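The values are calculated or read from the model by the stated rules, or taken from the named source; none is laboratory data. Here the structure is a predicted model, which is why all the values come from computation and not from measurement. All Cβ positions, glycine included, derive from the backbone under ideal geometry; neighbour counts span all protein chains shown.
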Amino acid sequence: MSLKVMAKMIIAIVGTYRKGATIDTAVDELLRAAQQQGAKTEKIFLLDKKIEFCTNCRICVQKAGQKRGDCVIDDDVRLILDKIDSADGVVLAAPVNWFNITAVMRKFIERLLPYGYWPWGKAMPKGRIKKLTKKAVVITSSGAPSWLGRIFFRNALYTLKAAAKCFGARPIKILYFGPAALTEKEILSQKNKLKAYNAGKKLAS
């Protein structure tokens, strides 16, 4: 008797302001490849969600344990994090704005605090999740050429990688596209589409 293999779930968190442009197209190519590998996929546009600012009340980080803390803010973040927790792979994608990722992505990342343990009286927080059991792909882009952007905008890549590790995902591929946004209606090149597609295959494997 053969055992039925559950399809992997890939969640893409997209923090771009321009639907249909570089980042969005790259995510679509990645998810298309994952689907062809038999994975289920979902793309979440942060702009379409209700996401409030973290107030640093730190209620979510007071109780010990590996389980994510409970945020007191009632918005869409709880559902997004539930989806991430149940996924096998995660994509974090956002372009560079003013030397780092977009504000909407940073706003979301600040709400990842429940994955930490930081009781009052402790100087430094600790991550709840010790083993990186998920896979992640991080994607960013800017107007700078790829080699230059990886140097000057390394903070963007560092932030996305750190966020992935926060909820237990190991970055297996880092994609940087540049120069991007050189025209009003940017079209991702076939070469870069292939890079995103191959990343999707690796993420779903």
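If you go through segment 92-104 and keep only what is touching a residue at least 24 places away in the same chain (Cβ under 8 Å), more than 23 Å from Ser189 (Cα to Cα) and in a loop (DSSP other than H, G, I, E, B), you end up with just Phe99.
The sole residue among Lys43, Lys107, Lys83 that is under 21 Å from Cys166 (Cα atoms), basic (Lys, Arg), in contact (Cβ under 8 Å) with a residue 24 or more places away in the chain and outside any helix (DSSP H, G or I) is Lys43. A search for C-beta distances below 6 Å between a residue of segment 122-147 that is more than 26 Å from Lys8 (Cβ to Cβ) and any residue that is part of a strand (DSSP E or B) and among the aliphatic types (A, V, I, L, M), counting only pairs 6+ apart in sequence or on different chains, returns Ser142/Val96.
One residue stands out among those in segment 151-196 that are part of a strand (DSSP E or B) and not β-branched (Val, Ile, Thr): the one that is farthest from Lys131 (Cα to Cα), which is Phe177. The residue that is farthest from the chain's Cα centre (by Cα), among those in segment 93-131 that are aliphatic (A, V, I, L, M) and surrounded by fewer than 16 Cβ atoms within 10 Å (Cβ to Cβ), is Ala123.
Would you pick out the residues in segment 115-143 that are within 26 Å of Lys173 (Cβ to Cβ), not aromatic (Phe, Trp, Tyr) and not in a strand (DSSP E or B)? Correct list: Arg128, Ile129, Lys130, Lys131, Leu132, Thr133, Ser142, Gly143.
Would it be correct to say that Lys83 is in contact with a Gly (Cβ under 7 Å, 6 or more places away or on another chain) and not aliphatic (A, V, I, L, M)? Answer is no for this residue. Is at least one residue of segment 159-180 modelled with pLDDT under 95, of a type in the set (Phe, Trp, Tyr) and exposed (fewer than 14 other Cβ atoms within 10 Å of the Cβ)? Scanning segment 159-180 turns up no residue that is modelled with pLDDT under 95, of a type in the set (Phe, Trp, Tyr) and exposed (fewer than 14 other Cβ atoms within 10 Å of the Cβ).
Being crowded, with 16+ Cβ neighbours inside 10 Å and out of contact with any strand residue (DSSP E or B) (no Cβ under 7 Å at 6 or more places or on another chain) is true for just one of Arg68, Arg78. Which residue is that? Among Arg68, Arg78, only Arg68 is crowded, with 16+ Cβ neighbours inside 10 Å and out of contact with any strand residue (DSSP E or B) (no Cβ under 7 Å at 6 or more places or on another chain).
For the residues Ala7, Ala34, Ala21, the requirement of being surrounded by 14 or more Cβ atoms within 10 Å (Cβ to Cβ), closer than 30 Å to Glu184 by Cα, at pLDDT below 95 and more than 15 Å from the chain's Cα centre (by Cα) singles out Ala21. Annotation note: of Gly89, Gly15, Gly20, Gly38, the sole residue that is small (Gly, Ala, Ser), out of contact with any strand residue (DSSP E or B) (no Cβ under 9 Å at 6 or more places or on another chain) and within 24 Å of Arg150 (Cα to Cα) is Gly20.
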